[in-house]
Amino acid sequence: MNRAEALARLRETVKQGGVIIGAGAGTGLSAKCAEAGGVDLIIIYNSGRYRMAGRGSLAGLLPYGDANAIVVEMAGEVLPIVKHTPVLAGVCGTDPFRVMPYFLRQLKEMGFVGVQNFPTVGLIDGVFRQNLEETGMGFALEVEMIRQAHELDLLTAPYVFDPEQARAMAEAGADVLVPHMGLTTKGSIGAQTALTLDQCVERIQAMRDAARAVNPDILVLCHGGPIAEPEDAAYVLARTRGVVGFFGASSMERLPTEIAITETTRRFKALRPGQAV
């Protein structure tokens, strides 16, 4: 599958009155199950590995491993098992040890249909973020990565965190825009500090409007923060204009896994010798 085919499928979903659902996959099983459930996009990046190892997703932003190398390694587990769904690679656009156009071509040759900017400095704030920007390791490198991916005819689905970034990514050729509301809440390792759903509605709408002013055809999905379960996504989609779906990472693999394993274990532990079934 190529970018044009994937984009046509996404637009057809919207045309038919459906919503686009993207899923992060940290394991081959997660990808296989997401595809079986009918997901529209699968994205693999380093946080998926940490998340499914029981660590918070922000581990993907810390110096625990080479983010881009981890994605290449994970590809061997995920790409062969996904049959019909476009798979995107999470790319660390600020990686100083990658010749980015070469690396993007490598990902395309491996079978990735597109890319997303993760790990992203957009999740970093305060003085540390300011210093990253001042020393040439800022968000502009992620915008440039998306621009280069677009020029290579890769599907691009970048995270953005404010209207200015939304405009910049739209100008760089983003096909799908994902306003990011922060670390996902709920579950055993979810965030406690987060926006409200109503705050998310306001911010997502502002980013959607900024991007659509540049590219009227851009597709906008919501993600993160308190938008953790289907009901949360429904709340946001019902109160925004022109937002056509949801991208979930923790929501699509960590939370369902926590619930399923915990509840199944409890049911087994409730058994008693000689108990009728």
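The values are calculated or read from the model by the stated rules, or taken from the named source; none is laboratory data. Small disclaimer: the values here were computed from a predicted structure and weren't measured. Neighbour counts run over all protein chains shown; Cβ positions are idealised from the backbone, glycine included. These accessible areas exclude ligands, DNA and RNA; they are computed on the full protein's heavy atoms, side chains included. Shrake-Rupley method; radii C 1.70, N 1.55, O 1.52, S 1.80 Å.
Of the residues that make up the stretch 41-52, is at least one surrounded by 20 or more Cβ atoms within 10 Å (Cβ to Cβ), farther than 22 Å from residue 179 by Cα and of a type in the set (Lys, Arg)?
Yes, there is a match, as at least one residue in the stretch 41-52 is surrounded by 20 or more Cβ atoms within 10 Å (Cβ to Cβ), farther than 22 Å from residue 179 by Cα and of a type in the set (Lys, Arg).
How many residues does the stretch 109-138 contain that are among the aromatic types (Phe, Trp, Tyr) and more than 14 Å from residue 95 (Cβ to Cβ)?
So the answer is 2.
Among residues belonging to the stretch 53-84 that are surrounded by fewer than 22 Cβ atoms within 10 Å (Cβ to Cβ) and β-branched (Val, Ile, Thr), point out the one that is nearest to residue 252 (Cα to Cα).
Here the answer is 82.
In the stretch 1-38, how many residues are more than 16 Å from residue 80 (Cα to Cα) and among the acidic types (Asp, Glu)?
Result for the stretch 1-38: 2.
So which of 93, 138, 54, 111 ends up being farther than 19 Å from residue 221 by Cα, modelled with pLDDT under 95 and out of contact with any Gly (no Cβ under 8 Å at 6 or more places or on another chain)?
Being farther than 19 Å from residue 221 by Cα, modelled with pLDDT under 95 and out of contact with any Gly (no Cβ under 8 Å at 6 or more places or on another chain) holds for just one of 93, 138, 54, 111, which is 54.
Out of all the residues in the stretch 196-210, is one or more out of contact with any helix residue (DSSP H, G or I) (no Cβ under 6 Å at 6 or more places or on another chain), open to solvent by less than 60 Å² (accessible area, probe 1.4 Å) and closer than 20 Å to residue 103 by Cα?
No, every residue in the stretch 196-210 fails to be out of contact with any helix residue (DSSP H, G or I) (no Cβ under 6 Å at 6 or more places or on another chain), open to solvent by less than 60 Å² (accessible area, probe 1.4 Å) and closer than 20 Å to residue 103 by Cα.
Considering only the stretch 104-125, I want to know if a residue exists there that is within 30 Å of residue 193 (Cα to Cα) and either surrounded by fewer than 17 Cβ atoms within 10 Å (Cβ to Cβ) or without any contact (Cβ under 8 Å) to a residue 12 or more places away in the chain (or both).
Yes: one or more hits.
Could you look through the stretch 212-267, keep only residues that are touching a residue at least 12 places away in the same chain (Cβ under 8 Å) and among the polar types (S, T, N, Q), and pick out the one that is surrounded by the most Cβ atoms within 10 Å (Cβ to Cβ)?
Across the stretch 212-267, the extreme among qualifying residues is 250.
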